[in-house]
Structure formats: structure tokens, C-alpha cells
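> Supplied in C-alpha cells, the structure appears directly below.
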Amino acid sequence: MTDLQIRAGAAAPVVDLGALGFDAGAHLLIKHALAPLAVGEAVRVQGSAPGWQAQLVAWCQAQGHALQTSAGWVQAPQLTVCKGGAQAGRWRAAAQTGHSDGAQPGAVAEQALPHWGLAARGAQVEQGAPAFRFRLVDKAEFWTDSAADLYAQAVAAQWHADTAIDWNDAPEPPAPIEDAIVQIMTYMVENENAALVVPARFLGELHPHYRELQAALAIQVADEARHIDVFTRRIRRHGRVPALSTAGGQASLMSLLDEKDFSVASFLLSVLGEGTFVNLLQFLQAEAPDPLTRQICRLAARDEARHVALGMSHLLYRLQREPEFRHRLAEAVEARHDALAGTAGLNEEVFDALILVAAGEMTPTAIARGAQRVQQLMRDMEDGRYTKLVRLGFDKAHAAELASLHTRNFM
């Protein structure tokens, strides 16, 4: 190696490797000492491990640093390493990817770039990284500033089916009432299957730069998986098997899975559908004759309310920036209503089952009372949809019309 001119200034700092060889990590000490220096500045290195000088030469060549040598350098007690520009040049064109703290101004980009890939937000991405083709990269199409808070709330509110629910507090209702509960739970499972699949699909299409929303969707998927589990366990609790699933109900749910726009899907599923289901779960929490069903519905309703909040917060975010998007939401409700006009909507078995659950017994007086309560439930559902639509900026007349057009299958 040739002699070098070291920048003038204070004496170069000394890195003492002691008996540490390069095969055991000696390079880390030198690398750390060079890190704060400018290109051309130097450190002096000394050590006592056998052959450390030759190892240092090889390492400097690999890293692009220069080594000041002179006669007898192989046995020299101390060698001078001059920092090269290879590493600095390697990162000169690195991509900046926002800030890890989402609260910082500009931390979350308006559009995530393909070559940011799977890097942590805030990391520097080396030039030449592969491009990842995530479909959801435009912030306005899916973002909410509340994602991190809603995720934190969801984490704090997680519950375990084996400990949060007393499965032994399960006296068996009369056979017709138990059959009704099983039919409702069967219906709930298929709707929760849709509520799991829709966010899971978008989760796989979302650029990881938007990690707060990624986390919120992931825990929403976990919530739905837990609901499917507990509803199924309730079906089986007294030896029953799942009941009936109708073509109309399946068609209604298929229309949710077919929707490719995140905002529209959130509107139809989370705001209108799951919002309606919060009413349904609260109804079952109040009316179910057995404590086990009431426990399950109370916990599931709490989760579903968070899902509604996530959908609402996103739509408020988008509509604030794109008010004309309301027309797209209204069109989606109308188109879904027209597409399902030929279906039966909520199947007769589920509607009758709700009456029986609210009645609690097979007497004319009780059934009349149950029917009145189910009619009130339907009004409460429509009122809830109306309130959310008004909050999203629809005028009252239009909100009332759209609320009435929501699928009779509830979801």
C-alpha cells in the first residue's frame, strides 16, 4: 500500500484492539471509531493478536479505507487508518422514508414509494432496493390520524375467550329458544367471516409505511377470528350443530367482498354493517335468556364499536379532503340495494329467532312482546345508520333515504 497524506489537525485517536482478532469482532472497534470522522480523517490502530496487521489490511481494502504504511509495517506496533468515502457514498443516494413517530410533521408520506418496500418508516433505504408493488400507497384513500390511538385501545381491551367468559354459567334454555340462539349464532358466524376477510384482504395490499393503520387492521382481523370462535362454541355448547345459511345472506356478504375501494368497503362494512351489528349485539346482550349468550354479545359489541370508530375516522379524514367522495358513497349504497333487490334479505329463520329470543318462552303474550322488541331493534338500527350518515356530512333527507336502503341482511 502507498503512503498517504493525513489531514492536518490534532493527533489521530488510538484504537487498542488488545488481543482481539478480526475473526472475533476487532473491526467493530475500528468501525465505531471511524463513524464520527469525516472522509480523510484517521485513527491509529494497535493490537497484540497474531497477524492483526494483515487482517487490518484486508479489512481496509474491503471497506474502502486507506492504510498508511511504511517500511516494516508488517511488524509495526501501530498503523494509521484513513477513513475512505466508499461507505458514505453508498448511502449518499439513500431514500428517506418519513419519521417513525407518526406525530411528527410530515412523518407519514402522502404516497409511499415502491422501493421503500418493507423498511421501517424513518429508515434510510439503500439505492437499488427492490420495488414492492403494494396497491394501497396513497394516504388519502385509507388513512386516519386516529389509527394509532384506536390500535392502542384495542390492545388494552383484548380478551381471552377461556378467561373472559364463564362457559359453565350456561343453563340450557327451552329447546325452541336454544334452537333460535343457534340459528342467530350461525348467522353471526357467516357475517363475521365477511368482517374478517375484507380487512384481511386490504391488510395484504397496504404499504407497511402506514404501520399504524396496518396494526389497527391486523387487530381487527384478530377480533373477528375470536368472535367466530366464541359464536361457534356457543352453537356447540349444548350439543347443537350450525343451522341454516341462505342464498340471500350469502349474496349480501359477497357484495362486500367484491368491493375493491378501501373507503367504500369501510363505509359499507364497518360503518353501516358493523354499526348495525352493534345494535344487534346489544339487543342480544339485553334480551338473551341465558348468561352465556349475554356475556359473549357484550364482549363482541365492545370490539365491533371500535371497528365502527376506525371506519368512521377514516371516512371523516377522506371527506374532509375530498368532500365530493360522498357521492361515491351514496352510489355504493344505492347500487348494493339494487343488486340485492331480488334476494330475500334477512332470512325468515333469523328474524323469527330474534323474536323467540326476545320472547324467552312459547306463549302468545311473550311472542307478542318479542315481536315488538325486534321491531324496535329495526328502528334503532336505522336510527344508528342515519346518525352516522349525518355525521359524515349527508343532509338529513339524504341520510334518511340511504339509511333505509341498507341491506335487510343487516351487514
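The values are calculated or read from the model by the stated rules, or taken from the named source; none is laboratory data. None of these values were measured; they are calculated from a predicted model. Quick reminder, even Gly has a Cβ in these numbers, built from the backbone with ideal geometry, and neighbours come from all protein chains shown. SASA here: full protein model, heavy atoms, side chains in, ligands and nucleic acids out. Shrake-Rupley method; radii C 1.70, N 1.55, O 1.52, S 1.80 Å.
> What number of residues within segment 114-131 are assigned to a loop (DSSP other than H, G, I, E, B) and closer than 14 Å to Y210 by Cα?
Qualifying residue count, segment 114-131: 7.
> Further question: Restricting the search to segment 158-184, which residues are free of Cβ contacts under 8 Å to residues at least 60 places away in the same chain and part of a helix (DSSP H, G or I)?
D162, T163, A175
> OK, next. Filter segment 206-236 for residues that are open to solvent by 10 Å² or more (accessible area, probe 1.4 Å) and either more than 23 Å from Q158 (Cβ to Cβ) or of a type in the set (V, I, T) (or both) and give the result.
I219, V221, I228, T232, R236
> Among Y187, Y151, which is of a type in the set (F, W, Y), part of a helix (DSSP H, G or I) and open to solvent by 70 Å² or more (accessible area, probe 1.4 Å)?
So the residue among Y187, Y151 that is of a type in the set (F, W, Y), part of a helix (DSSP H, G or I) and open to solvent by 70 Å² or more (accessible area, probe 1.4 Å) is Y151.
> If you check Q96, Q111, Q158, which single one turns out to be touching a strand residue (DSSP E or B) at 6+ places or on another chain (Cβ under 7 Å) and either more than 13 Å from Y210 (Cβ to Cβ) or among the hydrophobic types (A, V, I, L, M, F, W, C) (or both)?
Answer to the check: Q96.
> If you take the residues in segment 387-398 that are out of contact with any Lys or Arg (no Cβ under 8 Å at 6 or more places or on another chain) and assigned to a helix (DSSP H, G or I), which one is farthest from L310 (Cα to Cα)?
Once the filter is applied, the top-ranked residue is A397.
> Among L405, L354, which is touching a helix residue (DSSP H, G or I) at 6+ places or on another chain (Cβ under 9 Å) and closer than 27 Å to M185 by Cβ?
L354
> Please pick out the residue among E382, E401, E331 that is closer than 22 Å to F267 by Cβ, in contact with a Ser or Thr (Cβ under 9 Å, 6 or more places away or on another chain) and open to solvent by 60 Å² or more (accessible area, probe 1.4 Å).
After ruling out the rest, the residue left standing is E382.
> Identify, from the list A129, A54, A93, the residue that is over 30 Å from M312 (Cβ atoms), surrounded by 13 or more Cβ atoms within 10 Å (Cβ to Cβ) and of a type in the set (A, V, I, L, M, F, W, C).
A129
> Here are the criteria: (1) open to solvent by 10 Å² or more (accessible area, probe 1.4 Å); (2) under 22 Å from A156 (Cβ atoms); (3) aliphatic (A, V, I, L, M). Tell me which single one L257 does not satisfy.
Just one mismatch for L257, condition (2).
> What are the pairs with Cβ atoms under 7 angstrom where one residue, in segment 249-265, is closer than 18 Å to L329 by Cβ and the other, located anywhere, is of a type in the set (D, E, K, R) and in a helix (DSSP H, G or I)? Sequence gap at least six, or different chains.
S255/R336; F262/E141; S263/E141; S263/R318; V264/R328
> For the condition open to solvent by 10 Å² or more (accessible area, probe 1.4 Å) and under 25 Å from the mean Cα position of the chain (by Cα), what is the one hit in L244, L310, L315?
L310
> Also, quick follow-up: Six or more apart or on different chains, Cβ under 8 Å: which pairs go from a residue in segment 134-151 that's touching a residue at least 60 places away in the same chain (Cβ under 8 Å) to one that's open to solvent by 50 Å² or more (accessible area, probe 1.4 Å) and not charged (D, E, K, R)? Could you list them?
From residues that are touching a residue at least 60 places away in the same chain (Cβ under 8 Å), the pairs are V137/Q111; V137/L113; K139/Q111; T144/L316.
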